[in-house]
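Below is one structure; the comments refer to it alone.
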Amino acid sequence: MDTSKVPLGEPSGPFLNYCDPGEIAAFALAINDDNPLYRDGRAVPPTYPVVPVFDAMRTMGQPPPEAMEGGRSGGHGEHDLYIRRPVSPGMALHTTADRYAVVVSKAGMNVFTRLMSVDDDGQLVIEQYWSVIVTGEAAGGNQGPEMPDHTFPEQARARKVGTMSLPTTHDQTFRYAGASGDRSSIHVSDQAAIGIGRPRKFNQGACSLGIASRALVALAAGGEPGRIKRIAVRFSRYAYPGDDIDVSVYDVGPTAYGLHAYAFEAASSGNTVLKNGWVEVTPAT
């Protein structure tokens, strides 16, 4: 793969989406979170913003074939989500997308799309960096701006906040597909998943992260979802419907810009499925 052949800076959009109250409530149930704040429209799950930008993300497609030569198309590689202003039920979001950066690693290349969502007044509400990973040997080096770091700080392991074990259901991927729009066949068909070498259908990466966000709200944000201002993660393995997801959270400490940072990891069936997790929250009052 020649990463120099990945075109950057080609904008798409804006795309208009409404944060429908029913959609928000359905999304919460699709990640197994029955928090009454979501059901009653008083709060929005912190990973819900992946939903209104999904159409914009799909317009970017895969990197061009000449850039992927010798590589294997992968899935959701990393995600870095910033909540700049509160999302509220009924809000209109206008989202633009552009290929922002390429980061080369041992696994291949992560092609990052930047998704910027503003409200009707043009105020930035959500900023997201969503990568597609193409596995295989990559040449050409990194492209574009340097991505913000969210590597797990090993010293934080001495300051563990706690672990939550979160169950999933056998119809997990179907419910998430309906609520999010991510109906990729490998997540809703055993046959499709077997066709790419997996034993059965597996969770959408953002579904696993959404489920994990329940632990982040509880352990890092004191049960207040509105305090979460950033969630970043690397998707390292697949979690499967029906298997528990165990989320461990560690205290990193204050940031230089007035927030408080925590690191997190998630495991399922003995495998780390979410790594280099990072969450930033407003300090407790």
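What follows draws every value from the coordinates through simple rules; no lab data is involved. Keep in mind that what you see is a predicted model, and the values were worked out from it rather than measured. FYI the Cβ positions are ideal-geometry reconstructions off the backbone, even for glycines, and counts take in every protein chain you see.
Give me the number: length gained by fully extending Ala139 to Thr169, i.e. 0.36 nm times residue separation minus the C-alpha to C-alpha distance, one decimal in nm. Please report the intermediate quantities before stating the final value.
Details: separation 30, 0.36 × 30 = 10.80 nm, distance 4.08 nm.
Length gained between Ala139 and Thr169: 6.7 nm.
Given the Cα-Cα distance of Asn35 and Arg58 and 0.36 nm per residue of separation, how much length would full extension add, in nm? The partial results should precede the final answer.
Details: separation 23, 0.36 × 23 = 8.28 nm, distance 2.98 nm.
Additional length available on full extension: 5.3 nm.
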Query raised in the report: When the Cα centres of the stretch 82-131 and the stretch 182-239 are compared, how far apart do they sit, in Å?
Result: 18
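Work out which GluC sites (Glu not before Pro) in the chain are exposed loop sites (DSSP not H, G, I, E or B, at most 16 other Cβ within 10 Å) and give the longest gap free of them. Before the final figure, lay out the partial values.
Values: sites that count: Glu69, Glu137, Glu146.
Maximal segment without exposed cleavage sites: 147-285.
What number, rounded to the nearest 500 deg cm²/dmol, is the helix-based mean residue ellipticity at 222 nm of the chain, given -39500 (n - 2.57) per DSSP H run of at least four residues and division by all its residues? Write down the numbers at each step before the final one.
Working: 8 runs with 60 residues, N = 285.
Value at 222 nm, helices only, nearest 500: -5500 deg cm²/dmol.
Evaluate the charge dipole of the chain about its Cα centre and quote only its size in Debye, nearest 20, assuming +1 on the Cβ of each Lys and Arg and -1 on the Cβ of each Asp and Glu. If you can, show how the numbers build up before the last one.
On the way: 25 positive and 31 negative charges, 99 e Å.
So the magnitude is around 480 debye.
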**Report entry** Cα→Cβ-extended label distance, 7 Å offset, between Glu154 and Gln191, nm
**Finding:** 4.8
Requested in this report: Taking amide H positions as placed in the peptide plane 1.01 Å from N, state which residues far from Gly242 in sequence (5 or more) or on other chains have amide H under 5 Å from it.
Outcome: Thr168, Thr169, His170, Gln172
Query raised in the report: For the stretch 149-285, what is one quarter of the convex hull surface built on the Cα atoms, given in nm²?
Result: 8.7
Report task. For the stretch 100-109, just list the computed ³J(HN,Hα) in residue order, Karplus coefficients 6.51, -1.76 and 1.60, θ = phi - 60°, integers in Hz, with x standing in for Gly and Pro. Result -> 10, 7, 10, 10, 8, 9, 4, 6, x, 10
Query raised in the report: For the chain, treating each Cα as an identical point scatterer without solvent, what Debye log10 I(q)/I(0) comes out at q = 0.07 1/Å?
Result: -0.24
Report task. With no solvent and one equal point scatterer per Cα, compute the Debye intensity ratio I(q)/I(0) for the stretch 1-147 at 0.17, 0.18 Å⁻¹ and report its log10, rounded to two decimals. Result -> -0.91, -0.97
Query raised in the report: In percent, what relative contact order does the chain have, based on Cα pairs under 8 Å that are 6 or more apart in sequence?
Result: 20
Report task. Output ³J(HN,Hα) for the stretch 41-56: one whole-Hz value per residue in order, computed from phi by the Karplus curve 6.51 cos²θ - 1.76 cosθ + 1.60 with θ = phi - 60°, and x for Gly and Pro. Result -> x, 8, 7, 10, x, x, 9, 3, x, 5, 6, x, 9, 4, 5, 5
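How high is the relative contact order of the stretch 114-260, in percent, counting Cα pairs under 8 Å that sit 6 or more residues apart? All intermediate terms of the calculation are to be shown ahead of the outcome.
Working: 159 pairs, mean separation 41.2, N = 147.
Taking the mean separation of contacting Cα pairs over the length of the stretch 114-260, I get 28 percent.
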